[in-house]
Amino acid sequence: MISHKTLEDLGWPTLVDHWAKRCATKRGDAKVRGGGVLLDEIVAARERTREVSEARDLSSRGERLPLGGIAEVAGAIERVRKSAALEAAELVAVASTGRSLTRLRAHLREHAEIAPKLAAHAAQIADLGHVYHPILEAFDPEGKLVDHASDALGPLRRALAQIKAQLEKRMDALLGDERFSAYLQDVYYTQREDRYVLPVRTDGKGFVRGIVHGTSQSGQTLFIEPEEIVDLNNRMKLAEAEVLDEERRIFVKFSGWIAEEADAFVAALAAGEVLDVIAAAAIMADDTVSAEPILDEAPRIALLHARHPLMLLAERRCVANDVAVAAGATLVVSGPNAGGKTVALKTVGLAALMARAGLHLTAESGSAIGWFHDIVTDIGDAQSLENDLSTFSGHMVNLRELLQAAAPGMLVLIDEIAVGTDPDQGASLAQAVLEAWSRKGVTGIVTTHYERLKALASADPRFANASVGFDLERLEPTFKLHIGTPGSSGALAVAKRMGIAAPIVERARELLGREGVRVEELLASVADQRRRIEEERAALLAELEAVEAERAASRAQRERTQARFEKQTRAAHGEALSALRAARREIDEVRKELRAKAQEATPEDLKQVTRRLVTPGAAVAQHEPKRNLPPGTPATPELLVPGAAVIVARLGRAEVAAPPVDGKVEVRLGLMHSMVPISDVLMDTHRAARRAEREREKAEAEAEKEKPSGPSVVLVDGVPAGGRATARTIDSTIDVRGQRVDEAVDNVDRFVDESLMASRDTMFVVHGHGTGALRQAIRAHLGAHKGIDKVRAGEPSEGGDGVTVAFLKG
């Protein structure tokens with residue numbers, strides 16, 4: 001069992017209070033506050049953490065556990081076990097609770113795939129609809145039995161109502177009766193002992209015959225039941241008794257039904273209690289942005305960005321820290337006062353307790369905490385006037401008990417170990433205690449200002465240093481825990497910050513000595529440098545996150561643009577299909593009409609039908625994407641000679657294959673021939689000009705070859721020799737494999753122009769090996785080109801003889 005002192009030192013009762021307040025039922029609240037939430041086995045704790053994760057998952061999906069309407073009815077269940085009859089309110093509470101528990105069971109059965117462990121708990125809730133449905137139907141919203149609760153209740157209530165109506169009518173008549181009106185204190189009637197009476201003055205007692213049921217406080221009024229209505233009052237009382245007997249019989253019957261299912265009700269309440277405790281833990285985990293921990297058999301601590309849960313629940317600023325302690329090791333935490341050492345100590349202690357309860361930890365995902373069978377603390381002033389103990393003596397009592405119980409799997413948390421005595425002796429005693437419990441396998445964390453302990457943690461592998469930061473510029477703690485380095489106590493800096501006169505602080509520095517000041521300044525400087533590095537790292541991380549966010553936004557924008565384009569494409573495609581279907585219907589109609597008029601059709605009829613055939617085709621053509629055609633001039637029949645370069649709408653670049661006939665011309669696109677209207681043809685002026693330029697350059701090259709002086713470019717096997725090419729890239733390479741000679745030369749020519757405009761030094765033409773005709777033509781053309789300085793075959797690393805490398809003039 002964890003001691004009460006440890007729980008109080010760590011603030012566990014406050015955490016439990018936050019947990020209990022988030023419960024939806026009184027049973028759940030009592031379970032949490034009752035101290036039964038700390039589990040004995042790690043297996044049970046692991047199971048509970050997973051159950052809390054399932055509850056959080058359901059909540060994130062908007063499917064939080066429906067725990068409303070579950071009342072505390074355990075006492076009522078125990079009473080019916082003993083054959084007691086429940087009252088109306090208790091019956092309604094039990095039935096409503098049964099309905100709520102059944103609703104909870106159905107909810108988790110529906111989400112069993114998401115929350116199988118919670119569904120297993122809910123499976124213990126029996127279907128009690130045969131009990132609570134008839135009970136709830138027998139009561140109205142105010143909790144009173146309805147007339148149809150039994151066959152007899154309605155008639156009995158109606159008979160009672162009739163008698164009351166007769167009584168009230170008779171009482172109204174008596175108020176106006178001359179025999180009584182003169183003696184009445186006031187004109188009204190009332191009830192005493194559930195019987196109708198008249199208010200008669202004391203002086204009229206002898207004139208109103210009947211039964212006296214009491215007097216007023218002043219004694220001036222007698223409440224008399226006139227003898228004329230005694231029989232009606234008696235009949236009313238009998239009728240009321242019959243109604244009450246029938247209601248009691250119904251209550252007994254309903255109580256018997258509940259008694260028959262008492263065990264099922266108890267099991268359902270127990271399951272609801274467990275689910276309520278889990279749901280409350282999930283709500284608290286969401287409120288503190290907690291994560292499911294890794295529960296380790298080894299007594300170690302590995303918390304990532306751990307935060308103090310009570311500070312989070314109180315909505316106070318809390319600095320997240322990483323805490324790592326190996327199994328059986330001790331972490332020595334040093335640093336300035338009010339720097340966060342005790343907060344770090346309590347954060348770890350609460351994390352260990354929360355792990356024992358199966359709660360999620362206020363740390364990042366991936367955090368691990370060992371299973372500690374006992375947690376011992378010594379935090380705060382141990383002084384006790386009742387036991388005649390000083391601060392130091394009190395701490396020694398705690399250390400004695402700790403060392404007696406020390407064993408593997410124990411977590412020890414001590415704030416300012418061995419303080420309250422001579423510093424040298426206290427430091428020596430503290431070191432001896434740490435070494436003693438370390439030999440027993442205890443895992444611990446201690447805070448200290450002792451230099452001896454800082455040195456011990458630097459030299460002995462069983463111990464490790466940690467420190468809380470201090471901002472030298474602002475002279476205030478950062479509350480950041482740094483593993484691996486000791487910290488300066490910063491007493492002089494804190495004293496200065498708190499208003500101690502500067503001369504006194506300087507005198508303290510002198511008394512401390514040069515070596516002491518140097519060590520303090522060194523530790524402070526290291527802490528300050530670490531703080532700066534962490535700030536820079538945080539800034540870089542922020543920039544990285546901003547870049548990632550911008551990249552994600554750009555990706556999302558591209559996806560939206562692509563989706564919009566696809567939507568528009570689908571719409572255009574649908575319109576085109578609609579137009580095509582309409583065209584086909586029109587053509588079918590025209591065919592039918594032609595068949596019907598085949599014999600007597602005139603030329604004019606045929607023209608009209610032809611025009612109708614053109615109309616659907618034009619409708620379909622409206623949906624054809626617009627093509628960006630190269631520039632050109634309108635063609636005329638005189639210019640359309642065989643071999644002329646032309647541009648045809650919808651087809652692109654082509655050559656004239658035959659002279660025009662009847663307003664149409666035959667063009668060639670590779671192996672395909674097509675007749676097109678002259679109006680759809682443009683003269684490809686750019687290609688024609690380039691072709692004329694090549695012819696001229698070819699003629700000049702032939703003329704140059706006939707001159708006695710050698711060519712300006714030395715050829716090796718028809719290729720200029722020498723020259724080191726720059727690295728081959730996609731931009732500097734053109735691939736003309738599979739193209740006809742004329743087409744390839746045209747494309748290479750355009751690529752030369754692009755390369756010159758781009759100020760490239762080298763260009764690569766991939767033509768392949770083949771028969772060699774394409775290679776020879778390209779090299780001859782490039783060798784004669786005025787923009788080319790040298791030409792050579794590609795080196796093995798560049799593609800060999802299947803590639804021609806051209807060096808462009810600057």
Ranked output for segments 561-570, 429-438 by mean other Cβ atoms within 10 Å, highest leading, reads 429-438, 561-570
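DSSP beta bridges in the range 328-470, what fraction antiparallel, as a percent rounded to 5?
Numbers: 1 of 20 bridges.
Antiparallel bridges: around 5 percent, rounded to the nearest 5.
By average Cβ neighbour count within 10 Å, what is the ranking of 658-664, 674-680, 788-794 from highest down?
Details: 658-664: 12.6, 674-680: 14.6, 788-794: 20.9.
Top to bottom by mean Cβ count within 10 Å: 788-794, 674-680, 658-664.
I'm a student and want to see the number: the projected area of the Cα convex hull of the range 118-233, averaged over all directions, in nm².
Values: hull surface 47.9 nm².
About 12.0 nm², averaged over all directions.
Using 1/(1 + (r/R0)^6) with R0 = 45 angstrom and r between the beta carbons of residue 547 and residue 148, what's the FRET efficiency to the nearest 0.05? Before the final figure, lay out the partial values.
Details: r = 73 Å, r/R0 = 1.61.
So, using R0 = 45 Å, E works out to roughly 0.05.
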For residue 5 and residue 562, extending 7 Å from Cα along the Cα-Cβ vector and measuring point to point gives, in nm, a value of 6.7 nm
A 1.4 Å probe over the protein heavy atoms gives the range 14-121 a carbon and sulfur accessible-area percentage of 49 percent
Length gained, residue 554-residue 21, 0.36 nm per residue minus C-alpha separation, equals 187.3 nm
The long-range amide H neighbours of residue 374, using H built 1.01 Å from N in the peptide plane and a cut-off of under 5 Å, are 411
Given 173-183, 21-31, 93-103, 4-14, the highest-first ranking by average Cβ count within 10 Å works out to 93-103, 21-31, 4-14, 173-183
Counting only residues 5 or more apart in sequence or on a different chain, those whose built amide H sits under 5 Å from that of residue 790 are 807
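Taking the Cβ-Cβ separation of residue 74 and residue 780 as r and a Förster radius of 60 Å, what is the calculated FRET efficiency to the nearest 0.05? Mind showing how you got there, number by number?
Numbers: r = 105 Å, r/R0 = 1.74.
According to the calculation, E is roughly 0.05.
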With label points set 7 Å from each Cα along the Cα-to-Cβ direction at residue 636 and residue 287, the distance between them in nm comes to 9.3 nm
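Is the shape of the range 732-771 rounded, prolate or oblate, going by the alpha carbon gyration tensor and its root eigenvalues a ≥ b ≥ c, with a/c under 1.5 for rounded and a/b larger than b/c for prolate? Please report the intermediate quantities before stating the final value.
Numbers: a/c = 3.63, a/b = 1.78, b/c = 2.04.
It comes out oblate by the Cα gyration axes.
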Taking every C-alpha to C-alpha distance in the range 742-810 and binning by 10 Å from 0, the per-bin percentages run 22, 57, 21, 0
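Between residue 63 and residue 575, what length comes free when the chain is fully extended (0.36 nm per residue of separation minus the Cα-Cα distance, one decimal in nm)? Intermediate results must be reported in sequence, preceding the final value.
Numbers: separation 512, 0.36 × 512 = 184.32 nm, distance 4.45 nm.
The span from residue 63 to residue 575 would gain 179.9 nm if fully extended.
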With label points set 7 Å from each Cα along the Cα-to-Cβ direction at residue 440 and residue 216, the distance between them in nm comes to 8.5 nm
Stretched fully, the stretch from residue 81 through residue 113 gains (0.36 nm per residue minus C-alpha distance, one decimal, in nm) 7.8 nm
With a Förster distance of 22 angstrom and the Cβ-Cβ distance between residue 177 and residue 205, calculated FRET efficiency to the nearest 0.05 equals 0.85
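The values are calculated or read from the model by the stated rules, or taken from the named source; none is laboratory data. What you are looking at is a predicted structure, and each value in this text was computed from that prediction instead of being measured. Heads up, the Cβs are rebuilt from the backbone with ideal geometry, glycines too, and the neighbour counts pull from every protein chain shown. Side chains included, ligands, DNA and RNA excluded: accessible areas come from the protein's heavy atoms. Shrake-Rupley method; radii C 1.70, N 1.55, O 1.52, S 1.80 Å.
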